Amino acid sequence: MNSTIIEVLKFVKESDVKFIRLSFCDIFGVHKNIAIMADELQAAFENGVSFDAYAIRGFRDITQSDLLLFPDPATLRVLPWRPGPGRVVRFYCDIKNPDGSAFLNDSRFLLKRVIEQSEKTGYVCKVGAECEFYLFKTGEDGEPTDKTLDRGGYLDISPFDKAENVRREICLTLEEMGIKPETSHHERGPGQNEISFKFSDALDCADNFQTFKSVVKEISNRNGLFASFMPKPIADAAGSGLHINLSLAQNGHNIFKHAKEGHSDIAESFIAGILAKTPELTLFLNPLINSYDRFGKFEAPKYVSWSHQNRSQLIRIPATSGEKTRMELRSPDPALNPYLAFALIIAAGFNGIENKTALPPAVNADLYAADKNVPKNLIQLPDSLEKAIAIAQKSDFIKKVIGDELLSKYIVLKKTEIADFSSFGDKEKFYKQKYFNFI
């Protein structure tokens with residue numbers, strides 16, 4: 001038993017912890033957990049906790065339905081909103097087969113593997129996230145309505161912004177759980193908000209994103225509200241994006257440089273690799289039918305292009321300097337599985353480095369208002385889930401990163417989703433029943 005586990009067990013014993021939540025997600029990033037009593041934690045570290053993998057989308061068939069959860073001691077977090085006495089803590093888990101080997105369709109394991117491979121090059125990828133979401137009022141039955149909390153707009157303050165106190169409570173809860181929010185504000189849409197948190201290594205950022213979503217949902221619910229991470233919950237308002245910021249560190253120093261200093265060749269190849277592979281990755285960055293309603297409007301990208309500062313581009317280089325110099329990928333949305341998405345994005349960047357991919361010229365134009373001749377030579381992002389599937393299905397790169405089996409299972413389930421949508425008849429009703437309440 002390693003020292004971290006010993007320290008965790010000591011903390012649990014001395015801190016009035018009574019319940020342990022063992023958390024993981026399915027292949028689409030949907031949060032799952034099993035609760036055990038505190039005195040079962042040591043056995044969980046040693047032997048794992050069994051669950052029915054057949055009941056989790058994309059995991060196992062019924063003939064081999066046992067998998068085991070092993071808590072990662074480094075992910076211990078106290079859940080501040082749970083009533084005492086008897087504290088509740090949560091761990092994210094590694095998923096293993098009964099023989100102790102890693103379960104290869106565990107997306108958290110896949111991200112860890114990509115991180116290990118990429119760090120052999122001598123570079124560490126740092127990731128930060130800026131997540132948008134909507135707040136809706138709930139009815140007398142506690143169910144969400146289609147009425148937004150307010151009618152505020154970008155950076156509005158009270159009384160137009162009615163979410164100030166909710167965002168404050170979310171940020172304080174995140175801070176109490178060891179996640180450092182950087183900024184929070186009202187976004188463009190009515191009832192739309194954004195909170196960004198400090199960059200970290202990719203695994204921590206993915207874990208933090210999962211925690212972030214659960215905290216937002218929990219705190220909103222405690223305030224009589226419903227938080228939706230659906231990419232486009234209101235047809236004629238701004239969609240919700242998950243802007244992913246990436247940089248590379250070597251020996252603890254950021255190798256991304258401000259434009260005036262001249263980009264490093266490694267940084268340019270990293271950006272070029274992600275730019276080139278994004279159409280193939282779009283299925284995993286934008287996993288819902290509803291995701292494609294967002295593209296090409298309200299600062300959501302439509303084309304494969306990049307520029308400095310320009311928010312009409314797929315990738316932009318913000319006007320920052322020093323350790324905060326980075327690239328920002330603007331196409332992803334909050335419905336994604338962060339472990340799969342980060343694994344594929346990072347692998348694409350390092351594929352660019354390995355192949356010394358050249359960064360194409362920047363597109364210094366507003367692609368929403370530009371003459372039609374400007375984007376005619378640009379590759380367009382897939383504009384439907386069907387097209388995203390078709391591109392991903394042919395991608396040897398994706399198969400190499402996540403494996404044939406996971407890709408096949410993911411696509412089969414997404415094609416079933418498309419078939420359900422086609423038979424439903426009413427798009428808005430489908431969105432309401434299949435997405436709005438669950439994303």
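The values are calculated or read from the model by the stated rules, or taken from the named source; none is laboratory data. None of these values were measured; they are calculated from a predicted model. All Cβ positions, glycine included, derive from the backbone under ideal geometry; neighbour counts span all protein chains shown. What goes into the accessible areas is simple: the full protein's heavy atoms, side chains included, and nothing from ligands, DNA or RNA. Shrake-Rupley method; radii C 1.70, N 1.55, O 1.52, S 1.80 Å.
For the range 61-77, indicate whether the set of residues that are exposed (fewer than 15 other Cβ atoms within 10 Å of the Cβ), in contact (Cβ under 8 Å) with a residue 60 or more places away in the chain, out of contact with any Leu (no Cβ under 6 Å at 6 or more places or on another chain) and of a type in the set (A, V, I, L, M) is non-empty.
Keep residues of the range 61-77 that are exposed (fewer than 15 other Cβ atoms within 10 Å of the Cβ), which gives 61-64, 66, 74.
Still in the running and in contact (Cβ under 8 Å) with a residue 60 or more places away in the chain: 74.
Right, trim to out of contact with any Leu (no Cβ under 6 Å at 6 or more places or on another chain) and you get 74.
Adding the requirement that they be of a type in the set (A, V, I, L, M) leaves 74.
Checked against the condition, which is being exposed (fewer than 15 other Cβ atoms within 10 Å of the Cβ), in contact (Cβ under 8 Å) with a residue 60 or more places away in the chain, out of contact with any Leu (no Cβ under 6 Å at 6 or more places or on another chain) and of a type in the set (A, V, I, L, M), the range 61-77 yields at least one hit.
Considering each residue of the range 102-135, count those that are assigned to a helix (DSSP H, G or I) and in contact (Cβ under 8 Å) with a residue 60 or more places away in the chain, and give that number. Even if it seems obvious, please write down each step before you answer.
Initial filter on the range 102-135 (assigned to a helix (DSSP H, G or I)): 107-119.
With in contact (Cβ under 8 Å) with a residue 60 or more places away in the chain added as a condition, the list becomes 107-108, 110-115, 117-118.
Total satisfying the criteria: 10.
What residue, among those in the range 200-237 that are within 24 Å of Ile27 (Cβ to Cβ), basic (Lys, Arg) and in contact (Cβ under 8 Å) with a residue 60 or more places away in the chain, is least open to solvent (accessible area, probe 1.4 Å)?
Checking each candidate, the answer is Lys232.
Only one residue in Arg151, Arg167 is basic (Lys, Arg) and either assigned to a loop (DSSP other than H, G, I, E, B) or open to solvent by 30 Å² or more (accessible area, probe 1.4 Å) (or both), so which one is that? Show your work before the answer.
Numbers: Arg167 fails: either assigned to a loop (DSSP other than H, G, I, E, B) or open to solvent by 30 Å² or more (accessible area, probe 1.4 Å) (or both).
After ruling out the rest, the residue left standing is Arg151.
Residue by residue through the range 272-305, note down the ones that are surrounded by fewer than 23 Cβ atoms within 10 Å (Cβ to Cβ) and under 26 Å from Gln250 (Cα atoms).
Result: Ala276, single match.
When you scan the range 369-393, how many residues do you find that are over 18 Å from Asn286 (Cα atoms) and either in contact with a Phe, Trp or Tyr (Cβ under 9 Å, 6 or more places away or on another chain) or among the basic types (Lys, Arg) (or both)? Reasoning before the result, please.
Taking the range 369-393 first, the residues over 18 Å from Asn286 (Cα atoms) are 369-378.
Now restrict to residues that are either in contact with a Phe, Trp or Tyr (Cβ under 9 Å, 6 or more places away or on another chain) or among the basic types (Lys, Arg) (or both): 372, 375-376, 378.
Number of matching residues: 4.
Looking at the range 334-379, which of its residues are among the acidic types (Asp, Glu) and more than 22 Å from Pro318 (Cα to Cα)?
Glu354, Asp371
Just checking, which of Ile398, Ile353 is open to solvent by less than 60 Å² (accessible area, probe 1.4 Å), in contact with an Asp or Glu (Cβ under 7 Å, 6 or more places away or on another chain) and over 28 Å from Pro233 (Cα atoms)?
Values: Ile353 fails: in contact with an Asp or Glu (Cβ under 7 Å, 6 or more places away or on another chain).
When all the criteria are applied, what remains is Ile398.
Just a yes or no: is a residue in the range 100-115 in contact with a helix residue (DSSP H, G or I) (Cβ under 6 Å, 6 or more places away or on another chain) and over 24 Å from Val30 (Cβ atoms)?
There is no residue in the range 100-115 that is in contact with a helix residue (DSSP H, G or I) (Cβ under 6 Å, 6 or more places away or on another chain) and over 24 Å from Val30 (Cβ atoms).
For the range 1-44, give me the residue count where each residue is open to solvent by 60 Å² or more (accessible area, probe 1.4 Å) and touching a strand residue (DSSP E or B) at 6+ places or on another chain (Cβ under 9 Å).
11
In this structure, does Gly29 turn out to be more than 19 Å from Lys213 (Cβ to Cβ) and in contact (Cβ under 8 Å) with a residue 40 or more places away in the chain? Spell out how you get there, then give the answer.
Numbers: more than 19 Å from Lys213 (Cβ to Cβ): no; in contact (Cβ under 8 Å) with a residue 40 or more places away in the chain: yes.
So Gly29 does not fit the description; no.
Just checking, how many residues over the range 45-58 are open to solvent by less than 60 Å² (accessible area, probe 1.4 Å), under 21 Å from Val412 (Cα atoms) and either acidic (Asp, Glu) or modelled with pLDDT of 95 or more (or both)? Give the derivation first.
Within the range 45-58, the subset open to solvent by less than 60 Å² (accessible area, probe 1.4 Å) is 45, 48-49, 51, 53, 56, 58.
When the remaining residues are screened for being under 21 Å from Val412 (Cα atoms), the result is 53, 56, 58.
Keeping just the survivors that are either acidic (Asp, Glu) or modelled with pLDDT of 95 or more (or both) gives 53, 56.
Selection size over the range 45-58: 2.
Determine whether Ser158 is hydroxyl-bearing (Ser, Thr, Tyr), farther than 16 Å from Ser214 by Cα and surrounded by 17 or more Cβ atoms within 10 Å (Cβ to Cβ).
On the way: hydroxyl-bearing (Ser, Thr, Tyr): yes; farther than 16 Å from Ser214 by Cα: yes; surrounded by 17 or more Cβ atoms within 10 Å (Cβ to Cβ): no.
It is false that Ser158 is hydroxyl-bearing (Ser, Thr, Tyr), farther than 16 Å from Ser214 by Cα and surrounded by 17 or more Cβ atoms within 10 Å (Cβ to Cβ).
Kindly list, by first and then second residue, each pair from a residue in the range 323-344 that is over 25 Å from Asn251 (Cβ atoms) to a residue that is part of a loop (DSSP other than H, G, I, E, B) and among the acidic types (Asp, Glu), limited to pairs with Cβ atoms under 9 Å and residues at least 6 apart or on different chains.
Pairs found: Arg330/Glu299; Asn337/Asp26; Tyr339/Asp106.
Among the numbered criteria (1) surrounded by 13 or more Cβ atoms within 10 Å (Cβ to Cβ); (2) farther than 23 Å from Glu176 by Cβ; (3) free of Cβ contacts under 8 Å to residues at least 60 places away in the same chain, which single criterion is violated by Asp99?
(1)
Can Asn245 be described as in contact with a Ser or Thr (Cβ under 9 Å, 6 or more places away or on another chain) and more than 17 Å from Thr325 (Cα to Cα)? Outline the logic, then answer.
Details: in contact with a Ser or Thr (Cβ under 9 Å, 6 or more places away or on another chain): yes; more than 17 Å from Thr325 (Cα to Cα): no.
Spelling it out, it is not the case that Asn245 is in contact with a Ser or Thr (Cβ under 9 Å, 6 or more places away or on another chain) and more than 17 Å from Thr325 (Cα to Cα).
I want to confirm something. Restricting to the range 238-252 and keeping residues that are more than 18 Å from Glu194 (Cα to Cα) and either without any contact (Cβ under 8 Å) to a residue 24 or more places away in the chain or not in a strand (DSSP E or B) (or both), which single residue is most open to solvent (accessible area, probe 1.4 Å)?
Looking at residues that are more than 18 Å from Glu194 (Cα to Cα) and either without any contact (Cβ under 8 Å) to a residue 24 or more places away in the chain or not in a strand (DSSP E or B) (or both), I get Asn251.
Considering only the range 177-201, how many residues are touching a Pro at 6+ places or on another chain (Cβ under 9 Å) and over 20 Å from Ser291 (Cβ atoms)?
Selection size over the range 177-201: 5.
Condition check: closer than 30 Å to Phe51 by Cα and open to solvent by less than 40 Å² (accessible area, probe 1.4 Å). Does Leu135 satisfy that? Even if it seems obvious, please write down each step before you answer.
Working: closer than 30 Å to Phe51 by Cα: no; open to solvent by less than 40 Å² (accessible area, probe 1.4 Å): yes.
For Leu135, the condition - closer than 30 Å to Phe51 by Cα and open to solvent by less than 40 Å² (accessible area, probe 1.4 Å) - is not met.
Please list, ordered by first then second residue, the pairs with beta carbon atoms under 7 Å, 6 or more apart or interchain, first in the range 166-188 and over 21 Å from Thr148 (Cα atoms), second open to solvent by 70 Å² or more (accessible area, probe 1.4 Å).
These pairs meet every condition: Lys180/Lys198; Pro181/Glu175; Glu182/Lys198.
Please tell me if Ser107 is among the small types (Gly, Ala, Ser) and surrounded by 13 or more Cβ atoms within 10 Å (Cβ to Cβ). Talk me through it step by step, then tell me what you get.
Values: among the small types (Gly, Ala, Ser): yes; surrounded by 13 or more Cβ atoms within 10 Å (Cβ to Cβ): yes.
It is true that Ser107 is among the small types (Gly, Ala, Ser) and surrounded by 13 or more Cβ atoms within 10 Å (Cβ to Cβ).
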